[in-house]
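This report refers to the structure that appears directly beneath it.
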Amino acid sequence: MTNAEEIAHGVLAGDRRSIAKAITIIENNTVEAKKLIASIYPQTGKAHIIGLTGPSGSGKSTLIEKIVREYRRKGKTVGVIAVDPTSPFTGGAFLGDRIRMQELSTDEGVFIRSMATRHYPGGIAKATKDAVKILDAAGKDVIIVETVGAGQSEVEIIKVSQTTVVIHAPGLGDEIQAIKAGIMEIADIFAVNKADRENADKAVMDIQAILQLNNKEAAWKPPILKTMALSGEGVPKLIEKIEEHKRFLEKELGQKRILGKAETELIEAIKEKVTSSIIDELKRGGKYNELLKKIIDREIDPNTAADKVVREKFKKAE
Amino acid sequence: MQGERKIRVLIAKPGLDSHDRGAKVVARALRDAGMEVIYTGLRQTPEQIAETALQEDVDVIGLSILSGAHKALFPRIMQLLEEKGLSDIMVFAGGIIPEEDITEMKKTGIKEIFGPGTPTDTIIQYVLNNVPKRT
Ligand SMILES: Nc1nc2c(ncn2[C@@H]2O[C@H](COP(=O)(O)OP(=O)(O)O)[C@@H](O)[C@H]2O)c(=O)[nH]1
Ligand SMILES: [Mg+2]
């Protein structure tokens, strides 16, 4: 058995060390990564995937700890992927989300993995999607992804999650602006956390006001809930709504979304394949730098250059 | 497109110490040296440390302790790592550990022990030079 096969076996058996190694292989995108995903893929598609996004400090990690506990009480197994940013300058990362979840680390029904973005934009890492597949194939019933929470529009998460929870909290200043910019549309559920604080009701009203402005698809109206992640108050209600949304997906929008997701994944995979095969060929033939120089010297514009190389590539293939 | 291999480090504080300034300084220094540092906060049990190392698939663990409980905690942590098949992880420690205990601690498998006030550059260099080679 190759290394990838052996690890795939372990993943399917739910072996924790194999899961951990599989995620590392995916993150480092070694030659084994594609084989690994190919062999576990038939066993995926069973877990419910929840994305949690919202500003830094709103209480995402704390809330996840309580959500996991509630699912464990219901007898479900849970996987968590918590993403933090990679420093653009040093390439290093401080991964601190576990601080709020460490009591779960010795529960065998829970697997938590911290992940750095490695410069991938949009609030998650490039490896997040496939790491979710690993946890799914390993038999986790529920998988929760915590995004970076840097306030920029973190919309990549919807390519991964089935139910997206957008968290907000009072006292974060102008963060509501950040929520307006793009992130409102991706919410299936809103949670106003730190509801023990004074301005929680105002935060709820702010969200309501914005929602009323762009109320298009009425089949699912995103509910706005109040939570207190420190005490756990409001968490059972949040889970109820998540489960309700899951059932909604199964009958109403489900098929459409599944189709849309498969399409996005296929298109992205094709793009990556075509791009890297063209670039690699140019580099091998020594034409890559030549072309870059021509673009810099204004002899050819990037668009025409791309046209040329793509045309040549497909001519050869014919 | 091949991604690069990153060094993953778990910085953990076993024992009942009530502050973690030193551990955080080391964590930040290693991050600034380009590593991915998993930080878990205060009062970690040996079981939590070993299980976190497993789930996070780290190459290196840095243990920080001030309270003097190292004699009980370090051997237990090393034992759990071995039981989980994680003996290839390089473990170093820092904090207040009396001279006479150092040899004994190293016998449990801890590779290096840094006293208080060790420059972070020394620790970074040590990690870079001793990180286990993996595929
Ligand atoms: N008052 C209050 N504080 C909270 C609540 N939930 C989280 N916090 C605190 O908010 C801070 C940030 O929490 P964290 O979970 O790390 O937020 P994240 O950055 O969104 O993951 C921590 O100090 C938490 O203890 C809550 O419901 N009420
Ligand atoms: Mg967090």
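The values are calculated or read from the model by the stated rules, or taken from the named source; none is laboratory data. What you see is a predicted model, and the numbers here were worked out from it, not measured in a lab. Cβ atoms come from the backbone with ideal geometry, glycine included; neighbour counts cover every protein chain shown. Heads up: the accessible areas ignore ligands, DNA and RNA and are worked out on the full protein's heavy atoms, side chains in. Shrake-Rupley method; radii C 1.70, N 1.55, O 1.52, S 1.80 Å.
Taking θ as phi - 60°, what are the ³J(HN,Hα) couplings along the range A:38-53 by the Karplus curve (6.51, -1.76, 1.60), each to the nearest whole Hz, with x for Gly and Pro?
4, 7, 8, 3, x, 8, 9, x, 9, 6, 9, 10, 10, x, 10, 9
For the range A:44-252, what mean projected area does the convex hull of the alpha carbons give, in nm²? Each step should come with its number before you reach the end.
On the way: hull surface 44.7 nm².
Orientation-averaged projected area of the Cα hull: 11.2 nm².
For n ≥ 4 DSSP H runs only, could you compute -39500 (n - 2.57) per run for chain A, divide by its residues and tell me the 222 nm figure to the nearest 500?
On the way: 11 runs with 149 residues, N = 318.
Value at 222 nm, helices only: -15000 deg cm²/dmol.
Can you give me the distance in nm between label points at residue A:287 and residue B:79, each placed 7 Å from the Cα along the Cα-to-Cβ direction?
Here the answer is 6.6 nm between the modelled labels.
Nothing charged except the Cβ atoms of Lys and Arg (+1) and of Asp and Glu (-1): what's the magnitude of the dipole of chain A about its Cα centre? Round to the nearest 20 debye.
500
I'd like to compare A:112-122, A:76-86: which one has the highest average count of other Cβ atoms within 10 Å, and what's the full order after that?
Values: A:112-122: 21.5, A:76-86: 24.3.
Averaged packing, sorted descending, gives the order A:76-86, A:112-122.
Between residue A:202 and residue B:130, what is the label-to-label distance in nm when each label sits 7 Å out along the Cα-to-Cβ direction?
5.4
What does the extension gain come out to for residue A:221 and residue A:295, with contour length at 0.36 nm per residue minus their alpha carbon separation?
The span from residue A:221 to residue A:295 would gain 21.7 nm if fully extended.
Before I look further, what does the range A:1-43 give for accessible area per residue, probe 1.4 Å, in whole square angstrom? Please report the intermediate quantities before stating the final value.
Working: 2070 Å² over 43 residues.
Accessible area per residue: 48 Å².
For residue A:226, what residues show an amide H to amide H distance below 5 Å, using hydrogens built from the backbone and excluding near sequence neighbours?
A:192
If you average the sequence gap of Cα pairs under 8 Å that are 6 or more apart and divide by the length of chain B, what percent do you get for the contact order?
26
Could you sort A:39, A:276 by accessible area so the largest value comes first, with the probe set to 1.4 Å? Don't skip to the answer; put the middle values down first.
Working: A:39 55, A:276 25 Å².
Output order, biggest surface exposure first: A:39, A:276.
Work from the charge dipole of the range B:75-133 (Cβ charges, +1 for Lys and Arg, -1 for Asp and Glu, about the Cα centre) and give the residue of B:131, B:110, B:78 farthest towards its positive end.
So the residue we want is B:131.
Whenever you get a sec, line up B:101, A:307 from highest to lowest accessible area (probe 1.4 Å, protein heavy atoms). Walk me through the numbers before you get to the answer.
Details: B:101 15, A:307 85 Å².
So, going from the largest accessible area down, we get A:307, B:101.
Can you list the HN-Hα couplings for the range B:9-24, worked out from phi with the Karplus curve (6.51, -1.76, 1.60; θ = phi - 60°), rounded to whole Hz and with x for Gly and Pro?
Going residue by residue, I get 10, 9, 9, 10, 10, x, x, 9, 3, 9, 9, 10, 4, x, 4, 5 Hz, with x marking Gly and Pro.
Which whole-number percent is the relative contact order of chain A (Cα, under 8 Å, 6+ apart)?
17
Quick check for me: using +1 on Lys/Arg Cβ and -1 on Asp/Glu Cβ, what's the dipole size of the range B:8-128 about its Cα centre, in debye to the nearest 20?
Details: 13 positive and 18 negative charges, 56 e Å.
That gives the range B:8-128 a dipole magnitude of about 260 debye.
Given H placed 1.01 Å from N in the peptide plane, which residues other than close sequence neighbours of residue A:48 have an amide H under 5 Å from its amide H?
A:142, A:143
Compute the Kirkwood hydrodynamic radius of the protein assembly as shown, taking the inverse of the mean of 1/r over all pairs of distinct Cα atoms, and give it in Å to one decimal. Don't skip to the end; give the middle numbers.
On the way: mean 1/r = 0.0419 Å⁻¹.
Its Kirkwood hydrodynamic radius stands at 23.8 Å.
Is there a quick way to get the dipole size of the range A:54-197? I mean about its Cα centre, with the Cβ of Lys and Arg at +1 and of Asp and Glu at -1; what is the value in debye to the nearest 20?
The dipole magnitude comes to about 220 debye.
Share of chain A's accessible area from carbon and sulfur, percent, 1.4 Å? Kindly include the intermediate steps, with their values, before the conclusion.
On the way: 8480 of 15890 Å².
For chain A, the apolar C and S fraction of the accessible surface comes to 53 percent.
Buried accessible area for the A:B pair, summed, 1.4 Å probe, in Å² rounded to 100?
What A and B bury together is about 2800 Å².
How large is the direction-averaged shadow of the alpha-carbon convex hull of the range A:261-317, in nm²?
Over every viewing direction, the Cα hull of the range A:261-317 projects on average to 4.5 nm².
Can you tell me which lysines have their Cα less than 27 Å from the Cα of residue A:194? Leave out same-chain residues fewer than eight positions away.
Answer for residue A:194, where 27 Å is the Cα cut-off: A:60, A:66, A:74, A:76, A:180, A:202, A:221, A:226, A:237, A:241, A:246, B:24, listed by chain and number.
Which cross-chain or sequence-distant (5 or more) residues have an amide H under 5 Å from the amide H of residue A:149, H modelled 1.01 Å from N in plane?
Amide H neighbours of residue A:149: A:54.
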